[in-house]
Amino acid sequence: MSEELNRTEIQSILREIDEGNCFREAPRAVLAGALDGECESPKCPLDPHRNEMEKHIQKNYRRLRTQLPGCDGKCTTYGCPNMIVMRCWLGIRDDIL
């Protein structure tokens, strides 16, 4: 089945199945293997940061919402690219830590 899907489609399906982010930079063959059940979905090394940011944002959403246009504060499921996650993390990590 995965031969017919592009990389983004595979990532979207894996995200729905696993209810979280898979490692977007993983090779397409690895993502396809995870979809076909040949291996586990590769986990993103930024997931611990996403979890911490989501907790912080949810706790402080009223204060932070103007700084996060277009973001619902659901860092573990929103699907931001890794570069955006890092930029966000660097912006609020001092508040979290």
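General remarks:
- Cβ-based charge dipole, region 27-67, positive-most Cα from 53, 66, 32: 66
- Compared with the dominant principal axis of the Cα atoms in the chain, helix 82-96 is inclined by about 30°.
- Simple label model, 7 Å out from Cα along Cβ direction - residue 58 to residue 4, nm: 3.7 nm
- In angstrom, the C-alpha Rg and Dmax of region 47-96 are 9.6, 24.
- Taking Cα atoms only, the orientation of helix 7-18 departs from the longest principal axis of the chain by about 70 degrees.
- Its Cα centre serving as origin, region 47-96 has a Cβ charge dipole (Lys and Arg +1, Asp and Glu -1) of approximately 180 debye.
- Zero-based 5 Å bins, Cα pair distances in the chain, whole percents: 2, 13, 24, 20, 14, 11, 8, 5, 2, 0
- Near residue 43, the amide H atoms lying under 5 Å from its own belong to 23; only residues 5 or more places off or on other chains count, and H is placed 1.01 Å from N.
- Here's the list of aspartates and glutamates a cross-link from residue 74 could span, going by alpha-carbon distance under 20 Å and ignoring same-chain residues fewer than 8 apart: 16, 18, 19, 47, 52, 54, 94, 95.
- Taken along the Cα-to-beta-carbon direction at a fixed 7 Å, the label points for residue 17 and residue 93 span 3.2 nm.
- About its Cα centre, the chain has a charge dipole of approximately 760 debye under the convention of +1 per Lys or Arg Cβ and -1 per Asp or Glu Cβ, with nothing else charged.
Every number here is computed from the coordinates shown, using simple stated rules; none is lab data. All values reported here derive from a predicted model rather than from experimental measurement. In this analysis, Cβ positions are derived from the backbone assuming ideal geometry, glycine residues included, and neighbour counts consider all displayed protein chains.
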